[in-house]
Amino acid sequence: MRRRIGIREFDFARQVAVMAVINRTPDSFHDRGATFTLERAVASALRAADLGADWVDIGGVPFGRGPAVSIREEIDRVVPVVEALAAERPELIISVDTNRADVAEQAIAAGAAVINDTSGLGDERMADVVAAGEAHVIITHSIGPPRVEKPAAAYGDVVAEVRAFLLERLRRAEAAGIARERVIIDPGHDLDKNTLHSLELTRRLDEIASLGVPLLVAVSNKDFIGEAIDRPQGERLAGSLAAMTACILAGARIVRMHDVAEAVDAVRMIEAVLGWRAPARLEHNTHSTRNV
């Protein structure tokens with residue numbers, strides 16, 4: 001499953017891409033605004049690239065409930081970061097996490113190669129904007145608009161329902177002129193789902209991967225990890241890496257992670273174990289130590 005994203009090429013049959021999370025928001029659930037300023041957002045993205053991230057995902061509005069952010073404000077948050085990174089690191093894949101077509105349009109013009117749509121094409125213009133901009137799109141499962149209070153999550157068969165949603169939105173994207181080769185899917189761990197739902201998705205992730213397009217998972221530091229192992233924010237790294245590994249073994253090929261250095265090491269180790277990547281060096285027990 002070879003894909004060209006931006007100027008990078010991936011063989012997702014034998015390769016996993018690490019996506020770093022860069023939140024230009026004052027209220028992100030994990031970093032609590034640590035990269036809200038433009039300078040810190042750009043520096044964090046460049047640092048992630050230096051640590052081995054294949055691409056960076058720029059977000060201007062968290063998915064969870066909170067105060068409204070205007071389209072103009074969201075554009076002002078994400079577009080300058082995209083412009084700076086596109087100029088500084090043209091080899092770095094840049095995606096923008098947005099569910100608004102107007103923001104996506106500006107981001108693509110600024111140099112974003114991917115739109116990460118957590119509403120799964122909820123904006124009726126989004127598919128047309130992505131098609132016109134010849135960008136990739138990440139279609140994520142969620143229910144209803146972000147940033148608002150919603151009723152308790154309820155599904156009959158969460159995996160079957162998520163799969164059906166993604167398949168319908170994949171067809172919608174193709175009908176709008178987005179080639180299947182430019183579509184990535186994300187089951188949306190924790191997005192309008194409780195911990196049992198997210199764990200079930202993880203266990204049966206191969207059913208989502210069977211749709212046949214690259215599969216992204218965003219499990220890093222999510223609440224389902226904290227609740228599963230009883231760890232607060234700031235103490236979920238081991239759980240995040242374990243969930244990430246389980247997802248890769250079930251078919252995920254792009255992982256959206258906060259702790260870049262640790263995620264890159266874990267991903268490269270998985271690739272080596274699976275025989276997809278040669279060891280960086282061979283020294284152990286390769287030379288005879290016997291006296292002649």
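Values quoted throughout were computed directly from the atomic coordinates according to the rules given, and no laboratory measurement underlies them. Not measured: the values here are computed from a predicted model. When we count neighbours, we look across all protein chains shown, and the Cβ atoms used for this are built from the backbone with ideal geometry, even at glycine.
Counting other beta carbons within 10 Å of each residue's own, what order do 123, 11, 265 fall into, fewest first?
On the way: 123 18, 11 11, 265 15.
With the sparsest Cβ surroundings first, the list reads 11, 265, 123.
DSSP beta bridges in the chain, what fraction antiparallel, as a percent rounded to 5?
Working: 4 of 32 bridges.
Antiparallel: roughly 10 percent of the beta bridges in the chain.
Based on the inverse mean of 1/r over its pairs of different Cα atoms, what is the Kirkwood hydrodynamic radius of the range 83-192, in Å?
Details: mean 1/r = 0.0692 Å⁻¹.
Across the range 83-192, the inverse of the average 1/r is 14.4 Å.
Please give the per residue volume of the convex hull enclosing the alpha carbon atoms of the range 10-146, rounded to a whole number of Å³. Walk me through the numbers before you get to the answer.
Working: hull volume 15.3 nm³, N = 137.
Taking the convex hull of the Cα positions in the range 10-146, it is 112 Å³ per residue.
Where does the longest stretch of the chain lie that holds no GluC sites (Glu not before Pro) found in a DSSP loop with 10 or fewer other Cβ atoms within 10 Å?
Details: sites that count: 91, 124, 149, 283.
Within the chain, the longest run free of exposed GluC sites (Glu not before Pro) spans 150-282.
Where in the range 85-148 are there trypsin sites (Lys or Arg not before Pro) that are in a DSSP coil and have at most 16 other Cβ atoms within 10 angstrom of their Cβ?
When the trypsin sites (Lys or Arg not before Pro) of the range 85-148 are filtered for loop state and at most 16 Cβ neighbours within 10 Å, 125, 147 remain.
What whole-number volume per residue, in cubic angstrom, does the convex hull of the C-alpha atoms of the chain give?
Working: hull volume 42.8 nm³, N = 292.
Each residue corresponds to 146 Å³ of Cα convex hull volume.
What ranking do 276, 55 get, fewest neighbouring Cβ atoms within 10 angstrom at the top? Write down the numbers at each step before the final one.
Working: 276 14, 55 24.
Ranking 276, 55 by Cβ neighbours within 10 Å, fewest first, gives 276, 55.
Going by C-beta contacts inside 10 Å, put 287, 136 in order with the fewest on the left.
The most exposed by this proxy come first: 287, 136.
When the helices in the chain are scored as -39500 (n - 2.57) per DSSP H run of 4 or longer and the sum is shared across all residues, what 222 nm value do you end up with, to the nearest 500 deg cm²/dmol? Intermediate results must be reported in sequence, preceding the final value.
On the way: 10 runs with 115 residues, N = 292.
After summing the helix terms and dividing by the residues of the chain, the value is -12000 deg cm²/dmol.
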